[in-house]
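Input: a single structure, listed below in structure tokens.
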Amino acid sequence: MDGTISTVATDHCAFTMAQKCAGRDGFQYCPNGIPGVENRVPLLFSEGVMKDRISINHFVELVSTRPAQLFGLYPRKGLIAEGADADLVIIDPKREVTLSQRLMHGRSDYCPYEGMKLQGYPIMTLSRGKIIVRDGQFTGKPGHGQFMHRQPLNECFRYWEK
């Protein structure tokens, strides 16, 4: 909460365990990254908000507002306001989930957080006002996504300096 951490992201790479084991004989042969994008928000909510390490407002800033600013998508993304896209993740703070590869939706065959118990978990995701995920199941329609033109990188940093 002191500003030391200003955003949270992931180097998501859906390599299989066999691909990762290519580094067994030399770290330089191990592909970078882990499958983590699907776990990023629930982990930070459970370990941060639910354990009183960060406020709910700081959580939203870390996972939504600041990334939208850094990627030149703010204020269309990362903000709940008239004229902004209605992209929301609804988290049930009472829902307990034990992370497991079988719950994941990526192509990786392992979960780096296997067996970790989380308190609070996403139950619904809305994109531009339409439900696209409910209780872990994708319900969106093909073609619903939109290309987002973004600002040049130097424009993005004006939010960073605030």
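Structure notes:
- Relative contact order of the chain, defined on C-alpha pairs under 8 angstrom at six or more residues apart (%): 23
- Averaged per residue, the chain has 66 square angstrom of accessible surface, using a 1.4 angstrom probe with ligands and nucleic acids left out.
- About the centre of its Cα atoms, the chain shows a dipole size close to 320 debye [charges on the beta carbon of Lys, Arg (+1) and Asp, Glu (-1) only; nearest 20 debye].
- Each peptide among 137-148, 78-89 gets the average number of other Cβ atoms lying within 10 Å of its residues, and from highest to lowest they stand as 78-89, 137-148.
- As a calculated quantity, the FRET efficiency between A81 and D25 at R0 = 41 Å, using C-beta atoms, amounts to about 0.20.
- Computed over the chain, the quotient of the alpha carbon radius of gyration and 2.2 N^0.38 Å is 1.14.
- Distance between the modelled labels on S55 and L88, one decimal in nanometres: 2.1 nm (7 Å Cα→Cβ projection).
- Contour minus Cα-Cα distance for A18 and E47 (0.36 nm per residue): 7.5 nm
- In sequence order, region 54-63 has phi-based couplings of 9, 7, 4, 5, 5, 4, 4, 4, 5, 9 Hz under the Karplus curve 6.51 cos²θ - 1.76 cosθ + 1.60, θ = phi - 60°, and Gly or Pro positions carry x.
- The heavy atoms of K51 present about 100 square angstrom of accessible area, all protein chains included, probe 1.4 Å.
- Here region 1-148 exposes an accessible surface that is 56 percent carbon and sulfur, computed with a 1.4 Å probe and the other protein chains kept in place.
The values are calculated or read from the model by the stated rules, or taken from the named source; none is laboratory data. Quick caveat: nothing in here was measured; it's all calculated off a predicted structure. No Cβ is skipped: glycine too gets one built from the backbone with ideal geometry, and neighbour counts run over all protein chains shown. Please note that ligands, DNA and RNA were not included when accessible areas were found on the heavy atoms of the full protein model with its side chains. Shrake-Rupley method; radii C 1.70, N 1.55, O 1.52, S 1.80 Å.
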